[in-house]
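The structure appears right after this line, and notes come after that.
The values are calculated or read from the model by the stated rules, or taken from the named source; none is laboratory data. As the structure is a prediction and not an experimental result, all values here were calculated from the model. In this analysis, Cβ positions are derived from the backbone assuming ideal geometry, glycine residues included, and neighbour counts consider all displayed protein chains. Heads up: the accessible areas ignore ligands, DNA and RNA and are worked out on the full protein's heavy atoms, side chains in. Shrake-Rupley method; radii C 1.70, N 1.55, O 1.52, S 1.80 Å.
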Amino acid sequence: MTSQQRKQLRSLAHHLDPVVMIGKSGLTEGVVAATVKALKAHELIKVRFLEHKDEKDALSDQLAAATECDIAGIIGHAAEELPVG
């Protein structure tokens, strides 16, 4: 994905509300399942980090690998993700 495509997706995701939250349990099977379901329903989603904020880069990469999606960007404590395709 080019930087221009990432920029466009981040602008689209800016107004989205987070649909997946990562809390004190971290990256669980439930979070992965909820992310897959949300990606199928919305295609572009925002993931909010309520806890583990210091690990958001690593957790975002793990979530992207587990759900076979790309990360459009991480801004603050939120990551924008979309399916690979």
**Item:** All positions within region 26-85 that are on the phi > 0 side of the Ramachandran plot and in contact with a Gly (Cβ under 7 Å, 6 or more places away or on another chain)
**Value:** His52
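Select from region 41-54 the residues that are open to solvent by 40 Å² or more (accessible area, probe 1.4 Å) and in contact (Cβ under 8 Å) with a residue 12 or more places away in the chain and write down the one among them that is nearest to Val20 (Cα to Cα).
Out of the qualifying residues, it is Arg48.
Just checking, how many residues over region 23-40 are touching a strand residue (DSSP E or B) at 6+ places or on another chain (Cβ under 7 Å) and free of Cβ contacts under 8 Å to residues at least 40 places away in the same chain?
The total comes to 3.
When region 66-75 is examined, which residues are found to be out of contact with any strand residue (DSSP E or B) (no Cβ under 9 Å at 6 or more places or on another chain) and over 15 Å from Val20 (Cβ atoms)?
Ile75
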**Item:** Number of positions in region 55-71 that are without any contact (Cβ under 8 Å) to a residue 60 or more places away in the chain, open to solvent by less than 60 Å² (accessible area, probe 1.4 Å) and outside any helix (DSSP H, G or I)
**Value:** 2
**Message:** Here's a check for you: in region 2-40, which residue that is in a loop (DSSP other than H, G, I, E, B) and surrounded by 12 or more Cβ atoms within 10 Å (Cβ to Cβ) is modelled with the lowest pLDDT?
**Reply:** His14
